[in-house]
Amino acid sequence: MMSFDRPQEDLWGPRRARIVAGMLAVVFTVIVGRSAHVAFNGPEQAASGAHAAVAATRRADIVDRKGELLATTVPGWSLAANPSAIWDAGEVASDLKTVLPKLDLIGLTTTLSDKKRQFVWVQRGLTQEEKDAVFGLGVEGLQFVEEARRVYPRGKLAGHFLGYTNIDGEGLEGSERAFDARLRAGGEPLKLTLDASVQFVLEEELERAYADFDMKGGVGVVVDTHTGAVRAVASWPAIDPNRRGDFSADIRANRALNSRFELGSIYKPLTVAAALNAGVLIAADRFDVSAPVRIGAELVEDLHPLPNAEVGDGGRYTGVLVQYRRGADRAADGRGAAEGFPAQRASAGRAEP
């Protein structure tokens, strides 16, 4: 008689299914959590590298002669993306455009669509408000990178003289460029001979004159007559290095140091004062400057020629004519063209330094 055994019930089947499902859920949770962490913070190695870079390249501060802070470096943030972790590049670019309006939507969409790339810059130098706004979007594939940011706590004060750096901390203008190697090395603050209080007064006066006389521009320099130290240098209109992108190239130009000036009538009192100080002239001297004078290849003439110009009427004759004619007169009687002047002196028949 044939008998058939009854199939034995598998009591472990449901348990195995629940165990496998639980393990898959844990793995899935870990993957999702890690993906979110990397998307917003970047890999641990990259993040630690960014922090190390900030600490290693901290640019030295700039202070005035009394130690008042004029330029310093603070932590800042930049936004990067991992295109390989982004599902819809167009949607992410559009979302970012809503909080970072300066972004190029088409260019960013193209960049984020390149799945072969794992790191691209989106925008450098975010403000705290921009960072918070991006974080609030909650989109995938983004990360914040900490970077050093150069700031100027006194705003426009000595803006032209201080200059500014690029996003990578390299000096582009002013003291930031002139002392770039020294500042990039870090260490003690760079102390300038400028005095912030004197600089403030100078810029205040330039601003007032700029408004009163409707000037196109102006410059001012204050020098310590005892030491020759420069206490203030200003070019107007002023710039704020924190917002240098808001100013045109013409305004960003430092007129005090980088422009050429035709000093014109400024030479007149200087020439006469030097001559009076050297004893070459006296206040009662008179000169005929009605005829032009040829100096080398140039013909110099007075715009208001007078046959009997007085030394005291500095505004009425060209200083170079007076100096030149006086030199000729003195040479004729053997006293030298510029006796007593610190420049080259000429006596009858010979010249000496």
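All of the numbers you see were taken from the coordinates with simple rules; none came from a lab. Note that the structure is a prediction, hence the values are computed from the model and not measured. Every residue, glycine among them, receives a Cβ derived from its backbone with ideal geometry; neighbour counts consider all protein chains shown.
So if I place +1 on the C-beta of Lys and Arg and -1 on the C-beta of Asp and Glu, and nothing else carries charge, what would the dipole magnitude of the stretch 78-155 be about its Cα centre? I want it in debye, nearest 20. Working shown, then result.
Numbers: 10 positive and 11 negative charges, 84 e Å.
Dipole size: approximately 400 debye.
Return the sequence-ordered ³J(HN,Hα) values of the stretch 58-65 in whole Hz as given by the Karplus equation 6.51 cos²θ - 1.76 cosθ + 1.60 applied to θ = phi - 60°, using x for Gly and Pro.
4, 6, 5, 6, 10, 10, 7, 4
When Lys and Arg each count +1 and Asp and Glu each count -1, what net charge do the other residues less than 13 Å away from A148, Cβ to Cβ, add up to? Numbers along the way, then the final one.
Working: positive: R58, R59, R124, R149, R150, R184; negative: D61, E146, E147, D168, E170.
Its environment carries a net charge of +1.
V122's amide H: which non-local residues (gap 5+, or another chain) put their own amide H closer than 5 Å, with H modeled 1.01 Å from N in plane and none for Pro or chain starts?
Under 5 Å from the amide H of V122: L79, A80, A81.
In what sequence do F119, F261 fall when counting other Cβ within 10 Å, fewest first?
Working: F119 14, F261 9.
Neighbour counts put them in this order, fewest first: F261, F119.
Each residue of the stretch 292-300 in turn: what ³J(HN,Hα) in whole Hz from Karplus with 6.51, -1.76, 1.60 and θ = phi - 60°, glycine and Pro shown as x?
x, 10, 9, 10, x, 8, 9, 9, 9
Check which residues have an amide H placed less than 5 Å from L194's amide H, if you skip close sequence neighbours.
Those lying under 5 Å, H to H, from L194 are R65.
Largest first, please: the extent of the C-alpha atoms of the stretch 110-261 along each principal axis, to the nearest Å.
Projected onto the principal axes, the Cα atoms of the stretch 110-261 cover 64, 39, 27 Å.
Counting other C-beta atoms within 10 Å, and keeping those with at most 13, which DSSP coil trypsin sites (Lys or Arg not before Pro) do you find in the stretch 98-169?
On the way: sites: K102, K115, K116, R117, R124, K131, R149, R150, R154, K156; in loops: K102, K115, K116, R117, R154, K156.
Here the sparse-neighbourhood loop sites are K102, K115, K116, R117.
Can you list the residues, at least 5 places off or on another chain, whose amide H is less than 5 Å from the amide H of S290, using H built in the peptide plane?
L306
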